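For reference, the structure is listed below as structure tokens.
The values are calculated or read from the model by the stated rules, or taken from the named source; none is laboratory data. Small disclaimer: the values here were computed from a predicted structure and weren't measured. Quick reminder, even Gly has a Cβ in these numbers, built from the backbone with ideal geometry, and neighbours come from all protein chains shown. With ligands, DNA and RNA removed, areas are computed over all heavy atoms of the protein, side chains included. Shrake-Rupley method; radii C 1.70, N 1.55, O 1.52, S 1.80 Å.
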Amino acid sequence: MHEMSLCEGIRRVVDQAAAAPEIARVTKVRLEIGRFAGVEKPALEFAWEVVMRGSKAVGAGLEMIDLPARATCFDCASTVDIEDRLDPCPKCGGGKLLPDGGDEMRIKDM
């Protein structure tokens, strides 16, 4: 389950950001997760509860924001949203797409 290690990385970032003594606790963390990031959201939610114990983010809400997958079509030169890596271009039907987004995961804010 790589979601546990993802949460451990998030905890390190949260701990660094909340290290100031005037910050008592973190109440919410919002993550942006790309369609192709390979993150199992239920597993991430479970890992979140376990990994945040003992941190300033214990009990904090976790909001996951879905990001679309994007690709550039070499046939029509459009940048389009796609559902699957092997989808044809939704504008022209072409099959020469270069994915250029959708595999990211980042902390939006906390």
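For residues in region 36-46 being assigned to a helix (DSSP H, G or I) and in contact (Cβ under 8 Å) with a residue 12 or more places away in the chain, which is most open to solvent (accessible area, probe 1.4 Å)?
Among those that are assigned to a helix (DSSP H, G or I) and in contact (Cβ under 8 Å) with a residue 12 or more places away in the chain, it is Phe46.
Filter region 17-30 down to the residues that are within 13 Å of Met52 (Cβ to Cβ) and of a type in the set (A, V, I, L, M, F, W, C) and list them by number.
Hits for region 17-30 are Ala18, Val26, Val29.
Restrict the check to region 17-35 and report whether at least one residue is assigned to a helix (DSSP H, G or I), of a type outside the set (Phe, Trp, Tyr) and either open to solvent by 90 Å² or more (accessible area, probe 1.4 Å) or touching a residue at least 60 places away in the same chain (Cβ under 8 Å) (or both).
Within region 17-35, one or more residues are assigned to a helix (DSSP H, G or I), of a type outside the set (Phe, Trp, Tyr) and either open to solvent by 90 Å² or more (accessible area, probe 1.4 Å) or touching a residue at least 60 places away in the same chain (Cβ under 8 Å) (or both).
Consider region 84-110. How many of its residues are touching a strand residue (DSSP E or B) at 6+ places or on another chain (Cβ under 7 Å), closer than 30 Å to Trp48 by Cβ and of a type outside the set (Lys, Arg)?
10
For region 1-16, which positions are among the hydrophobic types (A, V, I, L, M, F, W, C) and either under 11 Å from Ser55 (Cβ atoms) or open to solvent by 60 Å² or more (accessible area, probe 1.4 Å) (or both)?
Hits for region 1-16 are Met1, Cys7, Ile10, Val13, Val14.
Which of the residues that make up region 81-110 are more than 13 Å from Arg35 (Cβ to Cβ), touching an Asp or Glu at 6+ places or on another chain (Cβ under 9 Å) and not in a loop (DSSP other than H, G, I, E, B)?
Those that are more than 13 Å from Arg35 (Cβ to Cβ), touching an Asp or Glu at 6+ places or on another chain (Cβ under 9 Å) and not in a loop (DSSP other than H, G, I, E, B): Leu97, Arg106, Ile107, Lys108.
How many of the residues making up region 47-76 are among the small types (Gly, Ala, Ser), outside any loop (DSSP other than H, G, I, E, B) and in contact with a helix residue (DSSP H, G or I) (Cβ under 6 Å, 6 or more places away or on another chain)?
Summing the residues that are among the small types (Gly, Ala, Ser), outside any loop (DSSP other than H, G, I, E, B) and in contact with a helix residue (DSSP H, G or I) (Cβ under 6 Å, 6 or more places away or on another chain) in region 47-76 gives 1.
Among the residues of region 73-101, what is the count of those that are charged (D, E, K, R) and under 24 Å from the mean Cα position of the chain (by Cα)?
Matching residues across region 73-101 total 6.
Going by what's in this entry, would Leu97 be described as in contact (Cβ under 8 Å) with a residue 40 or more places away in the chain and open to solvent by less than 80 Å² (accessible area, probe 1.4 Å)?
Spelling it out, it is not the case that Leu97 is in contact (Cβ under 8 Å) with a residue 40 or more places away in the chain and open to solvent by less than 80 Å² (accessible area, probe 1.4 Å).
Between Gly61, Gly9, Gly54, which is small (Gly, Ala, Ser) and either in contact with a Ser or Thr (Cβ under 6 Å, 6 or more places away or on another chain) or at positive phi (or both)?
Gly54
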